[in-house]
Amino acid sequence: MVAMAPQDTARRIQLAAALDALRGRIGRACVAAGREPSEVRLIAVTKTYPARDVVLLAGLGVTDVGENRDQEAAAKAAAVRDAGEAGLRWHYVGRLQRNKCASVVGYADAVHSVDSLRLAEALGVASRRHRDRALDALVQVSIDGDPGRGGAVDGAATPENDLWRVTDAVADTDGLRLAGLMAVAPLGWEPERAFAVLAAFAARLRVRHPAADALSAGMSGDLEAAVKYGATHVRIGSALLGMRNTLR
Ligand SMILES: *Cc1c(COP(=O)(O)O)cnc(C)c1O
């Protein structure tokens, strides 16, 4: 094995401690909810942090990483692969423009932010053109019904952003596999209230699409409430990597 630079050793120790603490939080949340920790997958959201951190996290056993901007994610995924870490699952969790779909499907295994019919179609086209396996697609739902910060809406005024139209479209699109739902707790909402609403949407989705059982919910500040309400994927940035300088 190649010797690590001293700053890498220090960072590795820091990340290992944060990961330990985080696994403890997830474990306790699972115990409180009567769930198995193996039911909750940790996605390390590495946005704004360098590829080196992703490689260190992979060395510590992290299997899933999340990013929210295509340009940053594409470069980072390539750098991580060049460093010899080819087995990670990459999750695209940010807002996605249709002209970025071709790039995203090249490195992502899952996209968590499908929230319109047009995006579902564009992602399907890109997936069929650039991949040999279907892409996991989660439909992002707006818990408070305000589409301003992204997310499809239950009972939207137009079909374009209607939650159930979008989920059905994803399920019907070749190149995509409808995996489940994703949400962010709205600002100013108690996480418990937000994730209770989300859990009801998830239950309705499973009636329509029984295999779509993924629920991507919970971030550094609210993962306990998300686990209580059935999250299968928690997306953790700052609690693992440290506070970001930017608000994203
Ligand atoms: C940044 C981000 C996260 C992680 O947020 P933290 O509060 O740093 O844990 C999770 N989900 C999405 C969609 C994000 O953009």
Unique match (being basic (Lys, Arg), away from the ligand (no atom under 15 Å from the Cβ) and farther than 28 Å from residue 71 by Cβ) among 133, 129, 177, 193: 193
Residues of the stretch 46-71 that turn out to be of a type in the set (A, V, I, L, M) and over 16 Å from the mean Cα position of the chain (by Cα), as a count: 6
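Is it the case that residue 248 is farther than 30 Å from residue 36 by Cβ, within 15 Å of the ligand (Cβ to nearest atom) and either among the charged types (D, E, K, R) or touching a helix residue (DSSP H, G or I) at 6+ places or on another chain (Cβ under 8 Å) (or both)?
The answer is yes for residue 248.
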Residues (surrounded by fewer than 21 Cβ atoms within 10 Å (Cβ to Cβ) and more than 17 Å from the chain's Cα centre (by Cα)) located in the stretch 72-86: 75, 78, 79, 81, 82, 83, 84, 85, 86
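Residues checked against (1) touching a residue at least 40 places away in the same chain (Cβ under 8 Å); (2) away from the ligand (no atom under 14 Å from the Cβ); (3) of a type in the set (Lys, Arg):
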| residue | (1), (2), (3) |
| --- | --- |
| 201 | yes, yes, no |
| 206 | no, yes, yes |
| 209 | yes, yes, no |
| 212 | yes, yes, no |
| 216 | yes, no, no |
| 220 | no, no, no |
| 228 | yes, yes, yes |
| 236 | yes, no, no |
| 244 | yes, no, yes |
Residue match in the stretch 162-169 (condition: closer than 14 Å to residue 205 by Cα and in a strand (DSSP E or B)): yes
Looking only at the stretch 36-47, and only at residues there that are part of a loop (DSSP other than H, G, I, E, B) and crowded, with 18+ Cβ neighbours inside 10 Å, the one that is nearest to the ligand (Cβ to nearest atom): 47
Selection within the stretch 195-233 - part of a loop (DSSP other than H, G, I, E, B) and either surrounded by 23 or more Cβ atoms within 10 Å (Cβ to Cβ) or of a type in the set (A, V, I, L, M, F, W, C) (or both): 211, 212, 217, 218, 219, 231
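Being assigned to a helix (DSSP H, G or I) and in contact (Cβ under 8 Å) with a residue 12 or more places away in the chain is the requirement here; does residue 17 meet it?
Values: assigned to a helix (DSSP H, G or I): yes; in contact (Cβ under 8 Å) with a residue 12 or more places away in the chain: no.
No.
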Residue within the stretch 182-192 that is crowded, with 23+ Cβ neighbours inside 10 Å, on the phi < 0 side of the Ramachandran plot, in a strand (DSSP E or B) and of a type in the set (Gly, Ala, Ser) present: no
Residues of the stretch 128-152 that turn out to be outside any loop (DSSP other than H, G, I, E, B), aliphatic (A, V, I, L, M) and surrounded by fewer than 21 Cβ atoms within 10 Å (Cβ to Cβ), as a count: 0
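Only the coordinates and a few stated rules stand behind these numbers; no lab work does. Computed from a predicted structure; not experimentally measured. Ideal geometry is used to build each Cβ from the backbone, glycine not excepted, and the neighbour counts take in all protein chains shown.
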